[in-house]
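Colleague: Can you read through this structure? Questions will come right after.
The values are calculated or read from the model by the stated rules, or taken from the named source; none is laboratory data. The model shown is predicted, which means the values in this text are computed figures rather than measured ones. When we count neighbours, we look across all protein chains shown, and the Cβ atoms used for this are built from the backbone with ideal geometry, even at glycine. The accessibility values were calculated without ligands, DNA or RNA, using every heavy atom of the protein model including side chains. Shrake-Rupley method; radii C 1.70, N 1.55, O 1.52, S 1.80 Å.
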Amino acid sequence: MKHTHRPGVLPRTPEDPSAPLSPGTHTITVPHGHARVELRYHVAGSGPVCLAHSGGPGIGWEYLRMPGLEDSLTMVYVEPVGTGDSGRLPDPRDYTVATYAHFLHAVVQHLNVPRFALLGHSHGGFVAQRYALDHPAQVTALVLYDTSPVADEEFWSAAVTAMERFVRRHVEDHPEVADYAATLTTRLGLLDDDGATAVLRTLMPAYLYDYWGREAEFAPARRTLRMYAAPSLGEEPPFDVRDELPLLTPPALVLAGRHDFICGPRWAALLHEGLDNAELAVLEEAGHLVHLEQPARFDASVLAFLHAQGVVRGPRNS
C-alpha cells in the first residue's frame, strides 16, 4: 500500500520552550569568534534523535523535511547559519564546512543528547562527514545522502558535463533548459537572495529523475525553494576528506539517486570504498532529491539501516 506523507506545519514556538527536543522551532545563540549568532533548529516526530543538515551551502532547510522518518525518529532539522531566520555571519568568508560543523555542535550541546544519528544531504553531507570525524563518539550512525568525500575541480567539471547531457536529452521538449549548464556556474555571491532563489528554482528539474512526468507533484515544492547568496562567499580549500575516511568510525549508510547529476553513484562509490563500515544504497528512478521522488524507498532504506545499528526498534511498516 502506498503511503503519501505530507509534512505538517511546525509550531513557530516550541510546545515546551524549556525542553530542547519539544516539537517546534527553537532558537539558540552561538559564539563565533567575537560575535554571537542566532541559530534556529526545528524538531518534529518522536523516537530516537536524528539530526539532519541540509545542503547548499545556502539552501533553506525546509526542502529536507522527511515526514516518513518522523514516524520513527525525533528529527532535528538545523536551519544553517546564513539562511532563513538564522543569523548571518559578520564576515561571509567564514561560511565554511568547519563553521557549519561548529554550529551543528552547538545544537548537539544544547540538546544534551549523548548519542544520536546524523543525516547530511549534499553539502550537508560534507558537514556530517567533518562532524563525525571530529566527534565520532557521539554519532551512533551516519546517513550520507547524495554527497561526496571530495568537491574539487574534477567534481565540479563532472557536474557541468552531466548537466550538459541533461540539456541535450531534454532541450527539444523543454527549450528552457538550454541555459542550464551556464546557470549552474552562476556566481551566486554576485546576486541577492531573490536572485539566488531564482537560480535554484530554475534548475530544480535537473535535480530530479522525472520532473516533467510528475510536475503537478513537484511544482509546489519548486515554488517554495529558497536560496541565500552569502553562504556561497565562504573561502576555504576544496572539500576533500578522502584520506580521512578510514578514520570515520560510526557505521554509515551511503545513499544516492541513480540519476543524481551532481553527487551520484560515482561519488557514493568513493565514499563506500573509503569507509571501513558502510553500506551502499543506490535508488533507481531518482536524482538528487530521493526523499521527494521515492519517499517510501528512501524511508525504508534509512530505517532498515538504523534498525540494523540498533538505533530504532524496527522499520516502519509501509
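Colleague: Checking the a/c ratio against 1.5 first, then a/b against b/c, what shape does the Cα gyration tensor give for the stretch 259-318?
Modeller: oblate
Colleague: With runs of 4+ DSSP H residues as the only contributors, calculate the mean residue ellipticity of the chain at 222 nm using -39,500 (n - 2.57) per run, divided by the residue total and rounded to the nearest 500.
Modeller: Dividing the helical sum by the residues of the chain leaves -9500 deg cm²/dmol.
Colleague: How many nm is it between the label spots at V150 and Q109, if each spot is 7 Å from the Cα in line with the beta carbon?
Modeller: So the label points at V150 and Q109 sit 3.4 nm apart.
Colleague: In Å and on Cα atoms, what radius of gyration and Dmax does the stretch 59-124 show?
Modeller: 12.8, 39
Colleague: Using the Cα gyration tensor of the stretch 173-318, with a ≥ b ≥ c the square roots of its eigenvalues, what is the shape: rounded (a/c below 1.5), prolate (a/b larger than b/c) or oblate (neither)?
Modeller: In terms of gyration-tensor shape, oblate.
Colleague: So, one more: Suppose all protein chains stay in the model; what accessible area per residue would a 1.4 Å probe give for the stretch 98-243, in Å²?
Modeller: Value returned for the stretch 98-243: 46 Å² of accessible area per residue.
Colleague: Additional query: Could you tell me whether the stretch 113-187 comes out rounded, prolate or oblate from its Cα gyration tensor? Rule is a ≥ b ≥ c as square roots of the eigenvalues, rounded for a/c under 1.5, then prolate if a/b exceeds b/c, otherwise oblate.
Modeller: Cα axes put the stretch 113-187 in the prolate bin.
Colleague: Something else: Among the complete DSSP H segments of the chain, which ones combine at least 20 Å of alpha-carbon extent along their axis with a mean Kyte-Doolittle hydropathy of -0.5 or more?
Modeller: Once both thresholds are applied, what remains is 97-111, 153-170.
Colleague: Let me see the P(r) profile for the stretch 1-107: every Cα-Cα distance counted, bins of 5 Å, each bin given as a percent of all pairs.
Modeller: P(r) for the stretch 1-107, in whole percents per bin: 2, 12, 23, 24, 18, 11, 6, 3, 1, 0, 0.
Colleague: Still on this structure, I have one more. Between L111, L64, L275, which gets the highest mean-square fluctuation from a Gaussian network model of the chain, Cα cutoff 10 Å?
Modeller: L111
Colleague: Calculated FRET efficiency, A219 and E284, Cβ-Cβ r, R0 22 Å, to nearest 0.05?
Modeller: Computed FRET efficiency for A219 and E284: 0.45.
Colleague: For the chain, max minus min Cα coordinate along each principal axis, in Å, sorted largest first?
Modeller: So the three principal-axis extents are 55, 50, 41 Å.
Colleague: Given a Förster radius of 45 Å and the C-beta distance between A98 and E172 as r, what FRET efficiency does 1/(1 + (r/R0)^6) yield to the nearest 0.05?
Modeller: About 0.50, to the nearest 0.05.
Colleague: On to the next question. So how far, in whole Å, is the C-alpha centre of the stretch 161-204 from the one of the stretch 38-69?
Modeller: Going from one Cα centre to the other spans 26 Å.
Colleague: OK, next. Can you list which of the trypsin sites (Lys or Arg not before Pro) found in the stretch 31-138 are DSSP loop residues with at most 16 other C-beta atoms within 10 Å?
Modeller: R88, R115
Colleague: Let me ask you something else. Say each of A269 and S46 gets a label point 7 Å from the Cα, pointing the same way as Cα to Cβ; how far apart are those two points in nm?
Modeller: 4.4 nm
Colleague: How do the peptides 132-145, 70-83 rank, highest first, by the average count of neighbouring beta carbon atoms within 10 Å per residue?
Modeller: Highest to lowest by the protection proxy: 70-83, 132-145.
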